[in-house]
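Student: Please see the structure below; I have some questions.
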Amino acid sequence: MSEVHIIDHPLIQHKLTYIRDKSTGAKEFRELVEEVSTLMAYEVTRHLPLKDIEIETPVIKTDSKVIAGKKLGIVPILRAGLGMVDGILKLIPAAKVGHVGLYRDPETLEPVEYYCKMPTDIENRELIVVDPMLATGGSAEAGIQFVKDRGAKKIKFVCLIAAPEGIERIQKAHPDVDIYTASVDEKLNDHAYIVPGLGDAGDRLYGTK
Ligand code: PRP
Ligand code: URA
């Protein structure tokens with residue numbers, strides 16, 4: 001069974017409050033989503049293995065740690081996942097970025113695929129799939145399946161807000177994928193929006209409706 005990591009650092013909780021607030025406009029919303037994504041990336045990369053390299057300080061030669069092992073990739077689920085990419089790239093600028101285009105059909109609530117472009121060496125990378133919202137879990141389940149079908153073996157899923165229903169769905173469909181979220185909210189409403197949530201993440205990021 002995959003693990004659920006709730007990253008409840010005070011800075012993240014503070015910024016998430018203003019992300020949720022409906023009076024926060026698109027510019028500030030985008031900035032806050034980017035900032036929270038950077039802060040979350042700190043925890044999401046905590047497990048990365050280290051190795052020693054020899055360097056010379058102004059005082060002496062010494063062994064010192066650098067990140068070893070697998071290269072990283074970030075895969076935003078379009079559109080709203082894009083809002084999280086730059087914040088994560090601030091901490092891991094060498095990561096490659098793949099894109100998965102999915103939208104949730106408003107009638108069936110099922111994800112519809114419209115785009116996929118991955119780095120060529122996806123099977124050698126640890127992938128961080130990002131989307132601010134994990135609601136029914138349909139989009140994340142499909143997005144993760146996309147990257148698995150293209151060879152990805154080690155995947156984490158990172159969102160800002162998760163509903164219990166979405167977590168359950170991902171844990172069932174992808175028990176090998178750990179979930180990182182800043183909040184587990186109460187429930188979904190009749191339109192499968194997260195309650196209390198933040199509304200429609202894509203619309204709030206890009207000022208559409
Ligand atoms: C939102 C969100 C997720 C999805 C979550 O995207 O960014 O991808 O809904 O819902 P689910 O867990 O029930 O699948 P949306 O379909 O609104 O598309 P957009 O990002 O293009 O606005
Ligand atoms: N997608 C969103 O953007 N928000 C929700 O609450 C649910 C799905």
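Student: Determine Rg/Rh for segment 108-207; Rg is computed over alpha-carbon atoms and Rh is the Kirkwood hydrodynamic estimate from the same atoms. Intermediate values should be presented prior to the final figure.
Tutor: Values: Rg = 13.6 Å, Rh = 14.1 Å.
That ratio is 0.97, to two decimals.
Student: Given the peptides 69-78, 198-207, arrange them by the average over their residues of other C-beta atoms within 10 Å, most packed first.
Tutor: Going from most to least packed, we get 69-78, 198-207.
Student: Helix 10-20 versus the longest principal axis of the chain: what angle, 0 to 90°, nearest 10, using Cα atoms?
Tutor: Once rounded, the angle reads 30 degrees.
Student: Now, a different point. Quick one: helix 82-91 against the long Cα principal axis of the chain, what's the angle to the nearest 10°, folded into 0 to 90?
Tutor: Result, in degrees: 20.
Student: How high is the FRET efficiency between LYS154 and MET1 when r is their beta carbon distance and R₀ equals 22 Å, given to the nearest 0.05?
Tutor: Working: r = 17 Å, r/R0 = 0.76.
Here the calculated transfer efficiency is 0.85.
Student: Can I ask one more? Kindly express, to the nearest 10 degrees and within the range 0 to 90, the angle between helix 138-149's C-alpha long axis and the longest C-alpha principal axis of the chain.
Tutor: 40 degrees
Student: Can you tell me which of 131-140, 98-107, 180-189 comes out highest on packing, and rank the rest after it, using the mean Cβ neighbours within 10 Å?
Tutor: In descending order of packing, they fall as 131-140, 180-189, 98-107.
Student: In Å², and per residue, what accessible area does the chain have when probed at 1.4 Å with the other protein chains present?
Tutor: 52 Å²
Student: Between TYR18 and VAL112, what is the label-to-label distance in nm when each label sits 7 Å out along the Cα-to-Cβ direction?
Tutor: Simple spin-label model gives 3.6 nm for this pair.
Student: Then there is this: Would you give the gap between the C-alpha center of segment 47-102 and the C-alpha center of segment 134-148, rounded to a whole Å?
Tutor: Spelled out, the Cα-based centre of one part sits 23 Å from the other.
Student: What percent do you get for the relative contact order of segment 103-209 when only Cα pairs under 8 Å and 6+ apart count?
Tutor: So the answer I get is 23 percent.
Student: Expressed as a rounded percentage, what relative contact order does the chain have, with Cα pairs under 8 Å and six or more residues apart?
Tutor: 23 percent
Student: Could you give the spread of the C-alpha atoms of the chain along their three principal axes, from largest to smallest, in whole angstroms?
Tutor: 64, 38, 30
Student: Run the accessible area of the chain with a 1.4 Å probe and give the carbon-and-sulfur part as a rounded percent.
Tutor: Working: 5760 of 10940 Å².
Whole-percent figure for carbon plus sulfur exposure: 53.
Student: Given the -39500 (n - 2.57) contribution per DSSP H run of 4+ residues, what per-residue ellipticity at 222 nm results for the chain, rounded to the nearest 500 deg cm²/dmol?
Tutor: The helix contribution divided over the chain gives -10000 deg cm²/dmol.
Student: Follow-up question, since we're still on this one. Starting from the alpha-carbon convex hull of segment 1-83, give the projected area averaged over all orientations, in nm².
Tutor: Mean projected area of the Cα convex hull: 9.0 nm².
Student: Counting only pairs 8 or more residues apart or on different chains, how many lysine pairs in segment 74-162 have their Cα atoms under 21 Å apart?
Tutor: Lysine pairs, 8 or more places apart or on different chains, close enough: 11.
Student: Sort ARG79, ARG125 by heavy-atom solvent-accessible area, probe 1.4 angstrom, most to least.
Tutor: Correct descending sequence by accessible area is ARG79, ARG125.
Student: Compute, for the chain, the length of the dipole vector about the Cα centre, with Cβ point charges of +1 (Lys, Arg) and -1 (Asp, Glu) only. Units Debye, rounded to 20.
Tutor: Roughly 480 debye, rounded to the nearest 20.
Student: Determine the order of HIS5, HIS191 by accessible area, beginning with the largest, at a probe radius of 1.4 Å.
Tutor: From most exposed to least exposed: HIS191, HIS5.
Student: Give me the Debye-computed log₁₀ of I(q)/I(0) at q = 0.14, 0.19, 0.25, 0.26 Å⁻¹ for segment 98-152, equal point scatterers on Cα only, no solvent, two decimals.
Tutor: Values, matching the q order: -0.36, -0.64, -1.01, -1.07.
The values are calculated or read from the model by the stated rules, or taken from the named source; none is laboratory data. Quick caveat, the model's predicted, so the values are computed rather than measured. With ideal geometry, Cβ positions are generated from the backbone for all residues, glycine too; neighbour counts draw on all protein chains shown. These area figures cover heavy atoms from the full protein model, side chains too; ligands, DNA and RNA do not enter into them. Shrake-Rupley method; radii C 1.70, N 1.55, O 1.52, S 1.80 Å.
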